[in-house]
Each structure stands twice: as structure tokens, then as C-alpha cells.
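In what follows, a structure is listed as C-alpha cells, so that the remarks can point back to it.
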Amino acid sequence: MRGEIFVFVVLFIIALVSLLGIVSEVNKQYSIETPAYGGALREGILGAPRLINPVLAQTDADRDLVSLIYTGLLRYDTEGVAAPALAEKYEISNDGLEYTVTLKNKIYWQDGEGITADDVVFTVRLAKNPQLSSPRRANWEGVDVEKIDERTVKFILKKPYAPFVENLTLGIMPKHLWEPIPISQYPLVALNTAPVGAGPYETKSVSRNSVGSITSIKLGSNKYFALGVPHIKTLELNFYQTEEAIMAALKNKNIDSAGGLSPKLVESLKKPAAGLDVSVKSIGLQRIIAIFLNQSLKKEFASIDVRRAIDAAIDKNLLVQNILVGFGKTISGPLPESVFIGADIPQKINTFNPDLAQSIAAKQKNPITFTLTTAQTPELVDAAQMLKEMWGKAGIEVTIKTFNLQDLEPLVIGPRRYEAFLYGEEVVGQTPDPFAFWHSSQRAYPGYNIALYANSKVDQMLDSVRSTLDPDLRAKNYADIQKEITKDLPAVFLFTPSYIYVLPVNLKGVETKNINTGSERFSTVHEWYLEKHYVWKIFN
């Protein structure tokens, strides 16, 4: 009898397991994974925040926190396009001089106070205030702002400026908390490290070390966020002084994620021996790395043949493979591919031709020699060394000179004291404005035309691309700018790096494809999720 019971129990268990397996397969076939609320993500960030304030943020750590705690009228989506956030809609006048923005109804600060047009006007006037010396001030020069009613704001421009819409991603600040504070005290008040915003996350706690520097911040999801309550309940941000310290924290599983790490460091995380459940995400970054040739200081660069020899000696694919470990793309012009989304991408030209480089160098009366100046960062220093070796094979002699990042502006860029300058330019936005980098009026500092380039035809196209609201005409202008500058070769364009983001494998919803700056990786953080459940398709 006991034997029969035992057999029955065994058969029952087998049948139950089989039934559950069938149900599970059916469930998988007819249901979809959807985000659930909960979980905690621990991120490592280089540096420590001091000014978590949209108009004062200076460092990457500051801007990371601003992106999480504040939001603007618009916020970048997964494609890197500015889309409504606090705004319900915006309208542009036919002449391109007025932008009328309507706020969403019933939107709130993290302390429960209502957000109105007064907050928007207050924030923009702060950014414009010369007493505050905001890093965002230049974006708002020549722009007037006025309140129409409690939910409507109008921005008035002196002349059309197509990229202006991206200014509306500036984080809005709560007037009721900041207005009572004297402007002179703004950089000193506690609100900079315990801020109240309208972004996807709000401050829960701040930890400091013995000298008062912030070591970690715990954030909780903001139930009032205009784009919906974020799925992840808690974000814990831990701050480190070096990339090596972040890598150690990842390997010791003290943090789950980190962004902006060096490609060669990240490679070690992929190895099975690391034993980590992480994935490495490559996000398009609006930045170009190039060698800018100063024809005023080095007269030989005025020869197009010499510039071609310098260009032809470079194997850009090898640079991307060795310096970026594949996290990037070669380029042949001043604009990254993401600028041409929805339009024809100008053909990428492979200019590597060592025989041509040697031939041109051999025909010169004097050897081609110059000094290559760059920043003291691992990638740029390594790239400079590789470039020197490539040029050496073509008979071009190069000396490398490096500077600390903080010395570049006063000692190199400002006085234009370089012969060839290996440097990166941020071509910000999906409607970028390359005016400052290539217009002839920007050859003198503080302009950033560091190639000292002058071409009246390009000047006209640069003026047109920043003023036209016609997307087709703008796309044509971008393509023509790319073609003309590439033909003139005032700089040797090398590659555009990717933004490297190390994430836990169970983190879902991170679909961002392009960003302008590292902090924009958090633009769609409200859509990320760690917890999940399954819902049958017919009920979704």
C-alpha cells in the first residue's frame, strides 16, 4: 500500500511539474515583460558634486546630479532629441523669433509646491544674470523671456536660431526656495547639495567624509515627476577620485554601474575571470577628435599637399581599435553621423594611403616637421604616440608636447600657441551649431575656431544652418559644410568616441542611442527598470 502511495505521489509530482512547464511556456508565448516598481541601482561617479544646480553646475558630477534631480521644459529622449517634459507643447512663430511654451497642468516640485510660469522666468533670468557668472549664460544672450499666464511662457529672440529649442532642456529651479537668497550667496547655500527639483529623483540622504566632501547620495523616485514615476525605487550614487577606484568598486561588487570609463579599463570587465554580471553599453557621443593645423604658426601647413601627406599617413581604423578598443567610429569631416539622422550621410572617405604620404614627404624641399600638442589624458597621449609612429614611417618628424587639462585654455587654446593640436570638440545637440568652431569670425579667442579656418562660402552656410527652421534645408547645409571643410582639410579628422556605460545585466529599458554629454545618459532614467512582471498581451 505504501509503495502504491509512493508511486502515486511521484507520478503526481511529475504531472504537476509537467503542467507547470506547459503553463510557463504558454505564459511566455502569450505574455510580455513589463516594468515593475522597485529595486536599487548603485552607480559609481568620478569626482564629487558641489553645485547641484542647473545654472551653476560645473563638473561632470554636478551635471549628473542635475540630470537626475532637475528637469527642463524639454528633456532628451532615447534618440537624443529634445521632447516635452514639464512642457505640454511649444510653438514657434513663422519668423522663428518667438517660442511660446505651455506648461503641463498640475505639475509639482518635489516638496509638493506647484510649478508655474514664474519658475521658468525666474530660472532663465538667473542664467542670464551677469552677477551669477553661470556657465549657461552664453546660451541665453539676446533672449528675452516673459510670462503670458500661469502656464504660458514666451521666449523672444533677436534673430532666428534653430538650435534654440535645445536651450529649453535647462533644468527649471523653484522660485519659492531660491528667490529669498541674495545672488552673492548662491554658490554657498545648502540647497546646492540638498536640492529640490522636478526631475525623476529626489534627495533622501547625503553622506560626507571627515573633511566635508560628499561621498554618496541616496535618491528616491519622485512621485510628482512629469513623465511618470520612475520604475527604480532607489538610486545610490557613490563618488570616487579615480577611475581605478571605480573599477575596484565594480570588481568588488560595491557598485553596479559606472559611466564614462576608459575603453582599455573596461576591457578587463568583459573577461570571464572577472566574474561580473555586467554588460558594456556603447552610446553615440556628439564629440569629434581631430588634429587642428595652425597655418599661421606653421607656414608649411598652408600647402594642401603637406596637409594631405599628414592625413594620408594615418590609419584611423587602427587608432579606433587600439586607442578606443573599438568603442568609436572613424570620421572624415567635422560633424558626427548622428547629425545626419533622417538625411543622406555624406560618404565617409578612407584617406589612409602610406605610399602617397611618403611620396609627398619625399618631394618637399625640407623635411616635414612639427610639434603635436595635446592634453595629458591617457587616450590622447596614446593616440599622439601612435600618430608619431605612423608619421615617422612616412618620413614626417613629430615632437609631442602635453599639457594638463586645466592649462590648455590659458596656455594653448587662448593664445593659439600650437602648431598641430590633437583635441576634441563637442558638437552638441541634434541641431548642432558648428559656428564657433569653423566661422572665420571665431578665429580669435574666445572663439573656438582653433584651426583658424576661413572660407566665405562656409561662413554663409554656417550662418544659414543656425537660422533656418526648415529641416531639409538645414540637413543640406550640414552636408555641404561637411563636404567643403573636408575638401579644404584645415584639420585631420580622426574619430568620434563612444560613451561607455557599464551596467548590470538585469537592468532593462536603457535604450539611449545618442547623447551630447555624459550626464544625458540619465535623460530617460525614469524608463529603466530592475524589477519586472509578465502580462498577457491581450491585457497590455
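The values are calculated or read from the model by the stated rules, or taken from the named source; none is laboratory data. Quick caveat: nothing in here was measured; it's all calculated off a predicted structure. Cβ sites come from the backbone with ideal geometry, for glycine too, and all protein chains shown count toward neighbours.
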If only one of L469, L507 is of a type in the set (A, V, I, L, M), within 28 Å of G171 (Cβ to Cβ) and at pLDDT 95 or above, which one is it?
L507
Condition check for I156: more than 22 Å from the chain's Cα centre (by Cα) and assigned to a strand (DSSP E or B)
yes
Conditions (1) at pLDDT 95 or above; (2) outside any strand (DSSP E or B) -> Y90 fails only (2)
Residue list for the range 215-269, restricted to those being on the phi < 0 side of the Ramachandran plot, charged (D, E, K, R) and either touching a Pro at 6+ places or on another chain (Cβ under 8 Å) or touching a residue at least 12 places away in the same chain (Cβ under 8 Å) (or both):
K218, K233, E236, E243, E244, K251, D256, K264, E267
If T431 passes every condition in (1) free of Cβ contacts under 8 Å to residues at least 40 places away in the same chain; (2) part of a loop (DSSP other than H, G, I, E, B) but one, which one does it miss?
(1)
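Please go through the range 93-150 and give me each residue that is outside any loop (DSSP other than H, G, I, E, B) and of a type in the set (D, E, K, R), ordered by number.
E98, D118, D119, R125, K128, R137, D144, E146, K147, D149
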Look at I360 and say whether it is over 21 Å from N449 (Cβ atoms), at pLDDT 95 or above and touching an Asp or Glu at 6+ places or on another chain (Cβ under 6 Å).
yes
Close pairs (6 angstrom Cβ cut-off, 6 or more residues apart or separate chains): farther than 12 Å from Y108 by Cα and without any contact (Cβ under 8 Å) to a residue 24 or more places away in the chain in the range 193-211, surrounded by 12 or more Cβ atoms within 10 Å (Cβ to Cβ) and among the basic types (K, R) anywhere
S205/K218
Restricted to the range 505-538, and to residues that are assigned to a loop (DSSP other than H, G, I, E, B) and aliphatic (A, V, I, L, M), which residue is surrounded by the most Cβ atoms within 10 Å (Cβ to Cβ)?
L530
Considering each of V412, V398, V320, V325 in turn, give the residue that is of a type in the set (V, I, T), in contact (Cβ under 8 Å) with a residue 24 or more places away in the chain and part of a loop (DSSP other than H, G, I, E, B).
V325
Could you please find all residues in the range 351-363 being in a loop (DSSP other than H, G, I, E, B) and either in contact with a Ser or Thr (Cβ under 8 Å, 6 or more places away or on another chain) or closer than 9 Å to A394 by Cβ (or both)?
T351
May I ask you to list pairs of residues, at least six apart or on different chains, whose Cβ atoms are under 7 Å apart, with the first in the range 115-143 being in the same structural domain as F155 (by TED's automatic domain parsing) and of a type in the set (V, I, T) and the second being part of a helix (DSSP H, G or I) and surrounded by 15 or more Cβ atoms within 10 Å (Cβ to Cβ)?
V124/W140
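To keep it simple, each residue is scored yes or no on (1) of a type outside the set (S, T, N, Q); (2) outside the structural domain of P174 (by TED's automatic domain parsing); (3) in contact with a helix residue (DSSP H, G or I) (Cβ under 7 Å, 6 or more places away or on another chain); (4) exposed (fewer than 15 other Cβ atoms within 10 Å of the Cβ).
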{"residue": "E98", "(1), (2), (3), (4)": "yes, no, no, yes"}
{"residue": "W109", "(1), (2), (3), (4)": "yes, no, no, no"}
{"residue": "G112", "(1), (2), (3), (4)": "yes, no, no, yes"}
{"residue": "V153", "(1), (2), (3), (4)": "yes, no, yes, no"}
{"residue": "I156", "(1), (2), (3), (4)": "yes, no, no, yes"}
Within the range 185-207, tally of residues that are touching a helix residue (DSSP H, G or I) at 6+ places or on another chain (Cβ under 7 Å) and not charged (D, E, K, R):
8
Working only within the range 171-206, note down all residues that are of a type in the set (K, R) and either outside the structural domain of G228 (by TED's automatic domain parsing) or within 21 Å of A87 (Cβ to Cβ) (or both).
K175
Residue under evaluation T373, criteria (1) more than 22 Å from the chain's Cα centre (by Cα); (2) farther than 20 Å from K298 by Cβ; (3) of a type in the set (S, T, Y); (4) surrounded by 14 or more Cβ atoms within 10 Å (Cβ to Cβ), criterion not met
(2)
